[in-house]
Amino acid sequence: MSYLRWALPGLLALLAACSEPEPPPPEPPQDITPVPTLDAAAQRQADAAYYNQLRARWLELEHAERSSPEPETEQPVVAVPPAERKPPVPAAPVPSGATPALAIVIDDVGHNLHHGRRLLALPAPVTLAILPHTQAAQRLAEEAAAQGRSVILHQPMENGAGLSIGPGGLYNGMQPDELRQVLQNNLDSFAPILGLNNHMGSRLTAERQAMDEVMQVLRERNLFFIDSRTTHHTQAAFAAEAAGVPHLSRDVFLDNDRDPAAIARAFSRALDVARREGRALLIGHPYPQTLEFLEWRLAGDLLAEEGVEVVDVVELLGRE
Ligand SMILES: [Zn+2]
């Protein structure tokens, strides 16, 4: 398998970008596209197979939800009992008995203006979680805010697999001052920003001290926090609670498996959580399959007929 050794660096780079879904490189103009040889086709197939293998490994490491089919029915997603949740700063509490609410956050936004604008065209208040120092970050943040949509910083944090997390990353080895400085720079890199959630972070979110530093900065800036829950060992919600930072935790990942049927099943799970708990938080990515699904699923009165309403994440913070 010397081919795999040869291909590993490139595939690892691809893998690192797997939660930063980008369109494939533009196709060369039709008139100069070479007819693929059998060898080239076989090689692409091998590439794809190996990439999928690596991606599956990454998902295992980063998306704790993969380890059990229905974790949200087995254990509370938020460590803090609902009765002890502090009223959120940004929104007035909504009385219980209201329609079950679902908030949707789309991660890994900022690299691609076109994909970002498809999110802005969705007929529901989807929140954009934008990566720092990406080329479309400022433009998308402004356009989203102009529509009244919430924008949060998608903060890269160290993962347990040693994968690249891109610019502006926070690492466990950082001194507190350095960690705070990198975070402040990211929060200043585009505007407006209402809150923060973690990009990857299976390593860092398990470190209480680092999470305490992060929450101090969020408290100073009056921002809220969403724990993407990329590890069962996450300390982030505890740290947020201790710091008095309004927070939510991800209930369901929409598109760990990009197969349309799997996306539909994940969405149904999120609706179930909303009906059961009164609220649910769903996180997805700007994959073409996810965009297509949401464009269809959020249109018209489909959800209202099922007794669930999609609300902005700030409104979800106000739900008990
Ligand atoms: Zn991410």
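What distance in nm separates the two pseudo spin-label positions at GLU292 and GLN147, each 7 Å out from Cα along the beta-carbon direction?
Result: 2.1 nm between the two label points.
So how strong a dipole does segment 83-317 carry about its Cα centre when Lys and Arg Cβ are +1 and Asp and Glu Cβ are -1, to the nearest 20 debye?
Dipole size: approximately 80 debye.
Applying a 10 Å radius around every beta-carbon, put 198-205, 264-271, 181-188 in order of their mean neighbour count, most first.
Ranked from most to least packed, the peptides come out as 198-205, 264-271, 181-188.
Arranged by the count of other C-beta atoms within 10 angstrom, fewest first, what order do SER164, SER150 take?
In increasing order of surrounding Cβ atoms, one gets SER164, SER150.
Provide HIS285, HIS233 in ascending order of the number of other Cβ atoms located within 10 Å of each residue's Cβ, fewest first.
Working: HIS285 23, HIS233 12.
Ascending Cβ contact count within 10 Å gives the list HIS233, HIS285.
Hey, can you rank 107-114, 250-257 by average C-beta count inside 10 Å, highest first?
Descending packing order for the listed peptides: 250-257, 107-114.
Since every read-out is calculated from the coordinates, none of them should be taken as a lab result. Please read these numbers as outputs of a predicted model, since none were measured by experiment. Glycine gets a Cβ as well: all are built from the backbone with ideal geometry, and neighbour counts include every protein chain shown.
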